Amino acid sequence: MVYAGLSGLARFIGLEILGTFHERQGEQSLLTKNGGFPIAWGRAFGSKTEFRRGGPLAPEFDGHLFGFQAGMDLGAAETWQGHRDHFGLFVGHAEADGDVRGFAIGQRRAASGSVPMDATSLGLYWTHVGPQGWYLDGVLMHSWLDGEPRSNRGVGLDLEGHAATASLEGGYLFWLTEKISLEPQAQIIWQHVAFDPTQDRFSSVSFDADDAWTGRLGARLQGTFQDDSTTWRPYLKVNLWHGFDATDWTRLATVALPASFGATSLEVGAGVVATLSENVSLFAVADYTTSLNGPHRETIEGNLGMRITW
């Protein structure tokens, strides 16, 4: 039972490393420099999460995740009439650890074991910013996975695999007043997860994970205020996340165990972007996510980042 939710956990880690444009970069108004290697940025993030998958075993994960990400623009330029393009690369690493429950020994939601899993990622990104402040952001990311799931009876395995992620998101800025703006956003994410075949001391274990599609519709309500030396941009955000239905299969020797996924969740949060000087900006956000339908999910997470230009 401990193995049935591993593909879902790998996807969750991938989404946390991917983040959104504003979680990675802070704010599109900060993208102003031209030339090669004009910008470096980094962030640290963490979450406490519970989520469940469907299927006869209904695997649940209850744990935490911590990670970091650092990136650099390889090039940036103003192309025409106020349009800007930035492209770069990033590296990221995240570690998740938690307890697993599910249908085992004839009981539902029985404590079954624990799953530590980590991912190291390398990604490329491209961001286009329009003259009115709208943006498009595309990301391609590859992740190397490593895990050591163990049951409460001491049965486990060493797990290795990889994941591919592609994301495209955009937002359009509407100014409600001189200092208040509303930005509707949309994002679509594709994920592919593949674990190497392995075995525990009782049987061979293999995984067949469906490709996953996740969509996001949301909005940010942001203010812009300035004191003597700092520009402050506090904001509220709301997102509707939807994972499209699919099924993962875990095979123990000749026995195939399904775990379905796909649900709709609501995310609400608050953040701030602080431009301390022409060259240094800080940004932070905290949010809460809960499921609206489908299997249960509840997540509290935080993100703290820095952006440096020269």
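Just so you know, all these numbers are worked out from the coordinates, no wet-lab data involved. Please read these numbers as outputs of a predicted model, since none were measured by experiment. Heads up, the Cβs are rebuilt from the backbone with ideal geometry, glycines too, and the neighbour counts pull from every protein chain shown.
Key figures
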| read-out | value |
| --- | --- |
| Residue order, fewest to most surrounding Cβ atoms within 10 angstrom, among Lys33, Lys48 | Lys48, Lys33 |
| Surrounding net charge for His162, when Lys and Arg each add one and Asp and Glu each subtract one, Cβ distance under 14 Å | -4 |
| Amide hydrogen neighbours beyond the local backbone of Gly19, cut-off 5 Å, H modeled | none |
| Packing-based order for 17-23, 299-305, using average beta carbon neighbours within 10 Å, highest first | 17-23, 299-305 |
| FRET efficiency for Leu252 and Phe66, using Cβ-Cβ distance with R0 set to 45 Å, rounded to 0.05 | 0.90 |
| Entry for P(r) over Cα pairs in 10 Å bins from 0, in percent (calculated from the structure that is shown) out of [x] 5, 18, 22, 21, 15, 8, 5, 3, 2, 1, 0, 0; [y] 6, 26, 33, 19, 11, 4, 0; [z] 5, 21, 24, 19, 14, 9, 5, 2, 0 | [y] |
| Segment Phe202-Thr290, length gained on full extension (0.36 nm per residue, minus Cα span) | 27.9 nm |
| Other-chain or far-sequence residues with amide H under 5 Å of Gly113's (modelled H) | Val100, Asn152 |
| Estimated inter-spin distance, Tyr172 and Thr230, nm [label 7 Å along Cα→Cβ] | 3.4 |
| Relative packing of peptides 264-271, 79-86 - highest average C-beta neighbours within 10 Å first | 264-271, 79-86 |
| Whole-Å distance, taken between Cα centres, linking the stretch 120-134 and the stretch 179-249 | 15 |
| Net length gained if the chain between Glu160 and Val268 were fully extended (0.36 nm per residue, minus Cα distance) | 35.5 nm |
| Candidates Glu169, Glu50, Glu148: whichever shows maximal mean-square fluctuation once the chain is modelled as a Gaussian network with Cα springs under 10 Å | Glu148 |
| Mean Cβ count within 10 Å, highest first, over the residues of peptides 53-59, 213-219 | 53-59, 213-219 |
| Crossing angle, helix 6-18 versus the chain [Cα axis fit, 0-90 degrees, rounded to tens] | 10 |
| Largest-first principal axis extents, alpha carbons of the stretch 242-310, Å | 61, 28, 17 |
| For the stretch 175-310, alpha-carbon Rg and Dmax in angstrom | 21.1, 69 |
